[in-house]
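The structure appears right after this line, and notes come after that.
Please treat every number below as a calculation from the coordinates, not as lab data. Everything numeric in this text was worked out from a predicted model, so none of it was measured. So basically every Cβ, Gly included, is an ideal-geometry build from the backbone, and we count neighbours across all protein chains shown.
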Amino acid sequence: MKTVALIHRLSGVALALFLPVHFWALGKGLALDQFLRWTEQPLVKFGEWGIVVLLAAHLGGGLRVLAIEFLDWHEWQKSLAAIAAALVFGAGLAFALAL
Amino acid sequence: MWIAQRASAALLALCVTVHLATIVYAVRGGLTAAEIFARTRGNVAWLAFYTVFVLAVAVHAPIGLRPVMTEWLGWRGKSRELLLLAFGLLLAWMGMRAVLAVFA
Amino acid sequence: MSATLRVSVWRGGRDGELQSFEVPRQPSQTVLDVVTHIQRHLDPTLAYRYACRVGMCGSCAMTVNGVPRWTCRTHVDRVARNQTLEVRPLRNLPVIRDLVADMRTFFDKWERAGGHFAGASTKADDFARIAPASAERKTIDAGIECIGCGVCYAACDVVKWNPDYLGPAALNRAWTLVVDSRDTNAQRLRAVAGDAGCHACHTHLSCTERCPKHISPTAGIAGLKRAVARAELDGKL
């Protein structure tokens, strides 16, 4: 349980650091093609996949928190960690296949 | 702040799901700027969607970082709040700039 | 099962070190048996706490191989790694000596969270009528059996990271009182809200995992979060 929470926190921090970069790139407007060519590089592709996984991880962990805080307590809530992980895996796979 | 965080979280859960699904769909087989802009420029619906997305993020990210600063960096007090506010405003500004560049 | 156990025990205060002992193994031996053996036969200067030794009082709580537990209810067979054991005082609390932790902050925070019942009726009033099966009573019953052993407090990461945090036990007790229709303390919600209160809980669930009475302080704290939000939106905080 603690590991899920830790992943949730670390993915959040990573995303918070990544977002300004993401916004900066998109704000480039007409120069986007040049930037997009740079993103074709495999290392960057791996980075993009990493971002998607971080986002899915944070979403999964976040849904777990919302479920525990807003729904009445049930034993199955302890298993939410596993469900969150499944979501993450799914998202990572989908993105990898789409590339 | 707790309410704002949970409300923005719920909103983002939806936005992120839509965003991820859209990106996975759009990215199939590669992307150029022309392709992107052909679909997005002048699209008011997506403009509205991403504006909501950006503002929710600008609320959610700073509040999320707050306990990390207290618990892992030992940072408390006014300076922390000011830094987080500045970060939120930065995200909102850069985010809207990006949204307008892509959708306006 | 080999004949002896190698046990590392914390000696000293905050500054100290682990001391090694060889303890003969017995069938159905508990960690409390082991510590008692050390103090009675090997080193009488070892300081430790226990009382009932049957899992009712919570006095014997210590850190066993990194995990907070009731030592009287921890069988050596279940936790020994390669015939070794490491016993330390409860985490997140100052150490008085050896295996004895200073519980004062734990109980101070209990008070700060408004952890005692504040009733308004007198001898002249009739009994309060609360149905045992009512939603209110069921909610309270789920959290009322806490005996203040400190295991959840020792297990909590937020307590470790934030010295002001009131902690799972204090907040859980506050929750059982907030829900109680007989209680008249209107200030308690304010006492448990904020950066040192329920909002600092990050749902790691370490408390719920380790509680020997199978209480879920996380559930109680979630209840407090909702109650505080509701009060804030109603303008009542």
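Results, tabulated for the structure shown:
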read-out	value
Per-residue Cβ neighbour rank within 10 angstrom, fewest leading, C:Thr105, C:Thr139, C:Thr203, C:Thr45	C:Thr45, C:Thr105, C:Thr139, C:Thr203
Cβ-derived FRET efficiency at R0 25 Å, A:Leu6 paired with A:Phe46, nearest 0.05	0.65
Crossing angle, helix C:217-233 versus chain C [Cα axis fit, 0-90 degrees, rounded to tens]	30 degrees
Principal axis box of the range C:1-125, alpha-carbon based, largest edge first, Å	65, 33, 24
R0 of 25 Å, Cβ-Cβ distance C:Arg226-C:Arg137: FRET efficiency to nearest 0.05	0.85
Three-way shape label, the range C:79-166, alpha-carbon gyration tensor, a/c 1.5	prolate
Hull-based mean projected area of chain C, where the convex hull spans the alpha carbons, in square nanometres	15.2 nm²
Inter-label distance, nm, simple model (7 Å from Cα along the C-beta direction), C:His116/A:Ser79	4.4 nm
Net +/- balance of residues flanking C:Leu166 in space, Cβ distance below 9 Å, scoring K and R +1, D and E -1	+1
Pairs beyond 24 Å (Cα-Cα), from B:Lys78/C:Lys236; A:Lys2/A:Lys45; A:Lys2/C:Lys236; C:Lys123/C:Lys225; C:Lys160/C:Lys225	B:Lys78/C:Lys236; A:Lys2/A:Lys45; A:Lys2/C:Lys236; C:Lys123/C:Lys225
Translational D in µm²/s for the protein assembly as shown (Stokes-Einstein at 25 °C, 0.890 mPa s, Kirkwood Rh from C-alpha pairs)	98 µm²/s
C:His41, A:His8 arranged by Cβ crowding within 10 Å, fewest neighbours leading	C:His41, A:His8
Pairwise label distance in nanometres, A:Phe70 with B:Leu73, each label 7 Å out on the Cα-Cβ vector	2.9 nm
C:Asp15, C:Asp98 arranged by Cβ crowding within 10 Å, fewest neighbours leading	C:Asp15, C:Asp98
Efficiency of FRET from Cβ geometry, C:Asp102 and A:Phe18, R₀ 41 Å, rounded to 0.05	0.40
